[in-house]
Amino acid sequence: MRIVGGKYKGRRIHPPRSTLARPTTDYAKEGLFNILQHTVPLEGIRVLDLFAGTGSISLEFLSRKAGEVISVEQDRELFSHLQGAARALQATNWHHVKADAFNFVKGHHATYDIIFADPPFNLEGTEQLPVLIREAGLLDPEGLLIIEHPKNVNMSTDPWFDRHRPYGNVHFSFFKPSPAAQAGVINAERQ
C-alpha cells in the first residue's frame, strides 16, 4: 500500500500485520483522487475520515495539502498505527479520535468540506450514513460526502446522492447537500 499522489507520493504505508482492515486499493484511490482533483479544491480543506482504518485516505488528503484531517477509528491497534504515522510525518494537522464512527457522528458538532466514510463491507447501517451526517449537520453546504461500499449496497435513494463510481470491487457513492434536502432539515428543526 502506498500514497498515490501529492507531497508524500510513493511513501509506503505499513499497517499492523494483525489487522483485518480492508484498505482501499491503490487503483481505487487513484481513481477517487483523479475525480476530486478535477472537481473540488483540496488545498486547505477540512476533512473527516470515518472508519479511518490504516489511514490510507487520510494520508492522501494530507499529501494533497488538506488544512486539517480528523481520522475516526475504534480499533486500538489501528488507532495506535494512525498516531505513529502522524508522528513519523510530523503531521500536526492530522488529528485522531478513538471512537465508534456512528456514535461520533451523532455526538460531534463541526462542519467539514469533505467527509469520507469507508465502513467494513459487511457492516449494517452503511446506507444510513448520509442521513446521520445530514441530521448532525457535519457537511458544509458546499461540501462533499463520499462513501466507499461494496457493489451490493445501493446508496442512490438518498436525496443528496450525486453519482456513483466503481473501481473493481470498490464502489464510491458521492453525495452533495441539495437545497431541497437542506430546506427539509431546516424546516424539521423549526418544528
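Read-outs: derived from the displayed coordinates by stated rules, not from any lab. Keep in mind the model is a prediction, meaning the values are calculated, not measured. Cβ placement follows ideal geometry from the backbone for every residue including glycine, while neighbour counts extend to all protein chains displayed.
Some notes on this structure:
- The share of alpha-carbon pairs in the chain lying farther apart than 26 Å comes to 26%.
- Candidates Ser156, His81, Val40 compared by Cα position along the dipole of segment 26-190: farthest toward the positive end lies Val40, with charges placed on Cβ.
- For the chain, adding -39500 (n - 2.57) for each run of n ≥ 4 DSSP H residues and dividing by the number of residues yields -9500 deg cm²/dmol at 222 nm.
- Sorted peptide list for 112-119, 147-154, 167-174, 5-12, criterion being average Cβ within 10 angstrom, highest first: 112-119, 167-174, 147-154, 5-12
- Peptide packing: for 130-136, 120-126, the average count of neighbouring Cβ atoms within 10 Å per residue gives the ranking 130-136, 120-126, highest mean first.
- Charge tally for Lys65 (other residues, Cβ to Cβ under 14 Å; Lys, Arg +1; Asp, Glu -1): 0.
- Net charge dipole size for segment 26-190 [Lys, Arg +1 and Asp, Glu -1 on Cβ; Debye, nearest 20]: 140 debye
- Full extension of the chain between Ser156 and Thr39 gives 40.1 nm of extra length, using 0.36 nm per residue less the Cα-Cα distance.
- Antiparallel DSSP beta bridges within the chain, percent to nearest 5: 40 percent
- Straight-line cross-link partners of Lys98 among the lysines, defined as a Cα under 26 Å from its Cα and at least 8 positions apart when in the same chain: Lys29, Lys65, Lys106.
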